[in-house]
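A.B. asks: Below you will find the structure I want to go over with you.
Since every read-out is calculated from the coordinates, none of them should be taken as a lab result. Computed from a predicted structure; not experimentally measured. A quick note on method: Cβ atoms are made from the backbone with ideal geometry, for glycine too, and the neighbour counts reach across all protein chains shown.
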Amino acid sequence: MEPFPLPARDAYRLWAPCYEVENAVTVLEDRAARDLTPPLAGRALLDAGCGTGRRIAGVQGAGLVVGVDLVPGMLATGRARRPAGPLLAAADVTALPLRGVSFDVVWCRLVAGHVRALEALYRELARVARPGAAIVVTDFHPAASRAGHRRTFRDEQGNVWAVEHHAHDPEDHGRAAAAAGLVLDARTDAVVGPEVRPFYERAGALDRYEAQRGLPLVLALRFRR
């Protein structure tokens, strides 16, 4: 039986202890996001929806690094693993407790699908961005949703849960971003391929890998302020 989707706040509270285990989606997402991110040396970076802060923990040379996430348990996991890590704060990405015009690069990674209406999200991302800033947004690809894929995870006990998810087409992102004054200047569709084959192999699912090869799992967009 398919797991009933939990609200994001509840799902990530359960997921927090084992959230940093990589999977096919997170590997594809990380490569796509980093390919779209400009050099960070001396720049201020915000990760809106940072989870445990694992992606910003390894950032070198930035002038300022800040992570914000909805779930205190995710942030607590990150602080326990990296006591000297970046600045982390608990907040909703649609109501960031940050001054406007503060960041040169803004990440919002695999968060948009948990937001029903994108307009409020993009307004906040644009508000905190400086003129000329790069805003990198990644999302679970709508093609994957249409193919029957769901955002699922295993908790510490091995139970499978689903996260409530809203499928947004690229056009939905584009309209919401444009309304916030952002301009799209790059897009990546990260697909199932050799990079993630080991995940299928370890699961004994190479037949599924062959069937899904070429299917987009992650949509990655870069906007300019």
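A.B. asks: How many percent of DSSP beta bridges within the chain run antiparallel, rounded to 5?
C.D. replies: Counting DSSP beta bridges with both partners in the chain, the antiparallel share is about 45 percent.
A.B. asks: Follow-up question, since we're still on this one. Starting with the fewest neighbours, write out Cys50, Cys108 ranked by other beta-carbon atoms found within 10 Å of each beta-carbon.
C.D. replies: Cys108, Cys50
A.B. asks: Next question, about the same structure. What residue among Gly53, Gly61, Gly158 shows peak mean-square fluctuation when the chain is described by a Gaussian network model with Cα springs under 10 Å?
C.D. replies: Gly158
A.B. asks: What order do you get for Val137, Val111 when you list them from fewest to most C-beta neighbours inside 10 Å?
C.D. replies: Fewest-to-most ranking of Val137, Val111: Val111, Val137.
A.B. asks: Another question about this same structure. Relative contact order for the chain using alpha-carbon pairs under 8 Å, separation at least 6, rounded to a whole percent?
C.D. replies: On the way: 449 pairs, mean separation 53.4, N = 225.
That works out to 24 percent.
A.B. asks: Given R₀ = 45 Å, what would the calculated FRET efficiency be for Leu87 paired with Glu2, taking r from the Cβ atoms and rounding to 0.05?
C.D. replies: The value I calculate is 0.70.
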